[in-house]
1. Taking all protein chains together and a probe of 1.4 Å, list B:Asp17, B:Asp257, C:Asp177 from the most accessible to the least accessible.
2. Would you pull out the residues with amide H under 5 Å of C:Leu178's amide H, same chain only if 5 or more places away, H placed 1.01 Å from N?
3. Given the rule -39500 (n - 2.57) for each run of at least 4 DSSP H residues, summed and divided by the residues of chain B, what is its mean residue ellipticity at 222 nm, to the nearest 500 deg cm²/dmol?
4. In the full protein assembly as shown, how much of B:Ile51 is accessible to a 1.4 Å probe, in Å² to the nearest 10?
5. Here are some pairs, B:Lys262/B:Lys301; B:Lys18/B:Lys152; A:Lys226/C:Lys134; B:Lys210/B:Lys301; B:Lys3/B:Lys179; A:Lys92/C:Lys243; which of them have Cα atoms lying more than 26 Å apart in this structure?
6. Quick test of the membrane-span-like rule: which DSSP H helices of chain A reach at least 20 Å along their long axis (C-alpha atoms) with mean Kyte hydropathy at least -0.5?
7. Can you tell me which of B:278-285, C:92-99, C:8-15 comes out highest on packing, and rank the rest after it, using the mean Cβ neighbours within 10 Å?
8. Can you tell me which of C:126-136, A:85-95 comes out highest on packing, and rank the rest after it, using the mean Cβ neighbours within 10 Å?
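The values are calculated or read from the model by the stated rules, or taken from the named source; none is laboratory data. Every value quoted in this text rests on a predicted model; they were computed, and no experiment measured them. FYI the Cβ positions are ideal-geometry reconstructions off the backbone, even for glycines, and counts take in every protein chain you see. In case anyone asks, the SASA skips ligands and DNA or RNA and just uses the protein heavy atoms, side chains included. Shrake-Rupley method; radii C 1.70, N 1.55, O 1.52, S 1.80 Å.
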Amino acid sequence: MKTWLPRTYLTLVYILLYVPIVVLVVFSFNDARTGYDWGGLSLRWYEALFNNTAMVRAMWNSLWLALSAATVSTLIGALTALALHRYRFRGKRVLNGMLFVVMMSPEIVLAISLLALFLLVGLQLGYVSLLLAHVTFCLPFVVITVMARLSGFDESLPEAARDLGASDFIMTRTVLIPAIMPALLAGWLLGFTLSLDDVVVSTFVSGPSYEILPLRIYSMVRVGLKPEVNALGTLLLVFSLVMLMLSQWILIRSKR
Amino acid sequence: MKKTLLSLRELSKHFGDKTVLDALNLDILDGEFITLLGPSGCGKTTLLRLIAGFEHPDAGTITLDGTDLTQVPPEHRPLNTVFQHYALFPHMSVFDNVAYGLKMEKRPKDEIRQRVDEVLAMVQLQDFARRKPHQLSGGQQQRVAIARAVVKRPRLLLLDEPLSALDYKLRRTMQVELKRLQRELGITFVFVTHDQEEALSMSDRVVVLKGGLVQQLGTPREVYERPANLFTAGFVGETNLFPGRVLSQADDSISVDVLGFKRTLRRPGFKVQDGQPVHVLLRPEDIRVLDPDGDQGVAGKIVERNYKGSTLDSVIQLEDGTEVLASEFFDEDDPMFDYRLGEPVRVSWVDGWEWLLPEEAGEIADRELSADA
Amino acid sequence: MHSIRQQPFKTAVLALVWGWLLFLVLAPNLLVVGASVMTRDPATFLSLPLNLDAYRQLFDPLYLDVFLHSLYMAAMTTLICLLIGYPFAWALSKVARQRQLLLIFLLIVPFWTNSLVRTYALKLILATNGLLNKALLSVGLIEEPLQMLYTEGAVIIGLVYLLLPFMILPLYSVFDDLRQELLLASHDLGAGRLATFVHVIVPLTLPGVLAGVMLVLLPAMGLFFVPDILGGSRNLLVGNVIKNQFLDARNWPFGAAASILLTLAMALLMFAHKLSKRRLGEEGA
């Protein structure tokens, strides 16, 4: 078998995937005023970014939203996964199916349905509506992550704990929770990133009272080029890279 | 005399710097059931894959009926494989699995249908043709795998530990069934296993492999009763090895000292000198456990007793510490038969059933080293 | 049977998750279905007379054109992702295990990076005085800068770029599960490379193909920010139509009907995927 052909092909696709990202990072240090020419190294766009108070506020809003959405969805998601794993109950298949449908649904379908709901019940669009929406689309991902962990879990461990005298509650606390901890962390990080990245749903359910980063970027990049976006994009890239490595590290370490 | 069907000449295969097959020669006869037997890593599976065409040898040739197959891709070799884990196509029905090879030969539809039905009937699966593999039991999947391979009427069928995934009882049934199929079809079977019992009970001839080399080639009886070397002796069946010493030689017999007894034995196939150490090999069923008050045999005591149903296996420790394995047919009526643990007994064996093996290179070196020290 | 008193934990958890899903998933979707059969109202968004006007409007030539164009772009995106992703996943599954993990990591890094920012980065490359044109001009392949931005092609490139990992990952998973023994068995039974590909590899990787198509095709109709940034005003997705109808034109019934169209497409794809898996006996037969 020739091995150079697949290898070359893989390399080529990776180059195509990474060229835009490299360009973005390089241009974030560009001193030129116009977007397309190279004018030497500079940190001016990072400076401009941090002097833009509206941008900085949006950044904090986004972080806070992602933090709370990830936490709430991890809590509910983990409990759901545990219930799906441990208990028999009527409608289990329906519950599973609904989570799957939420995960597969085009975001825009979820977005308009939530908008309709919030307007119907008279909820002011802002932090709360964003939180409810983000938790909803993060939830299935957390459930799947935790379920995957639980399905690889040795069924005799809880039984052993019960056999050794642990109550159901104590067993959950001392055996199950530690076993799924890595999945909880991975699920949390996934939720955090999904929330931070979301444009589609947020476009519909956010209001002027609570501006978040993706929407701010969206309004900036729709027309022309904004070099600050290069700087912001680079920062976001580094941030997600750290988060991703963290989650991979947790998952890999837990497998040993 | 049967004629040679498949001939392997100087076949070598390396993976990295590990030698898996080392200039191996083997002739497989037309219509025989031949088994490749050996521990894992002995090269038996690699040998099978080379014959099938899944691997290419680094050196050597494979000829089938005078045609050189060495460079022929697997799809053009007139032989088929039954895989260890069956390798049934999960998206096809039993019928389509079996028909696959015939479709590849572009046979007419009627012929395919007729031949598939025929072979499914032969493995008693005619009622399962519409099922998918995952709807079948392990034994049934096994039969489909065999049917799929034999429907092409190959000259040679390669079977890679095909029974290893089945439970003990099913394995026994399938062993009988495979033998029957082989007789009915008249196809040459090359069977790979690490189970020596399976190898002995099914084969016309057994090839014992180790380290990429043929250790012995012979009928099951030859391999069991007259092992060519210590490895074969140890790998095929249980063995007692006693140290012996050549006392004197005559034309076709020699006299040997074993455990202090002088025995006259047939001259072995290797050269001997007076005073030379040899191994005396006795199978557990050759050993007799005797009354401690008699004067025959060597004194010892029972240290282990295992009831095996039809036989009773004992371990007897001799006074010099040697442990002897004995396997006797169970006889409820014999009052003397039931010895307790720790009870003194005497051990003897059926005269003339000893098998002699020379000391091997490593042992001689070891002995000389310790003599120097 | 345990009574509720004995399992307060179970009851509480189930109540919470059912409550959440019923209130934030089922109810909103029913609202959308309801909205699609009501009448547009500038003041209250919706008013009573029930009718199917919105669905009729979907077939208005003006919108039908937009939908068909959107479907075409989504289909092209999916096809390109499949053509790139299928051999990619195959090659990836052949790489040594340790390196495979690294390569998969490299594949999902972009997925964890803000998609808006990545779309925006494409703009730097595709613009009339962007990097690609500059590169082509400097090596003399073209005389004049090409108009790449604000074209149908730019939208498709953007969608492929964002969605390719979603095609590759399910494909990689089926290739990774593909047992080498089955391919050997096929050769052993007389099939050449092409026949093995057609009769064994394709059917066995089909669930991955369908999962990939599902994960690419649907977002490719909904990701409205891609045409907004790269496509100009003529290359709209269904997502753009829905967004405009809801947020700008305030025509809720029509927006809702369009979104139901998307949901139906999803249901169809999910059904096909389930069928293909059942054929392999991977789900209860």
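1. Result, largest first: B:Asp17, C:Asp177, B:Asp257.
2. For C:Leu178, whose amide H was placed from the backbone, there are no distant partners under 5 Å.
3. -7500 deg cm²/dmol
4. 0
5. B:Lys18/B:Lys152; B:Lys210/B:Lys301; A:Lys92/C:Lys243
6. A:4-28, A:53-86, A:107-121, A:127-151, A:177-197, A:227-255
7. Ranked by mean Cβ neighbours within 10 Å, highest first: B:278-285, C:8-15, C:92-99.
8. Peptide ranking by packing, descending: C:126-136, A:85-95.
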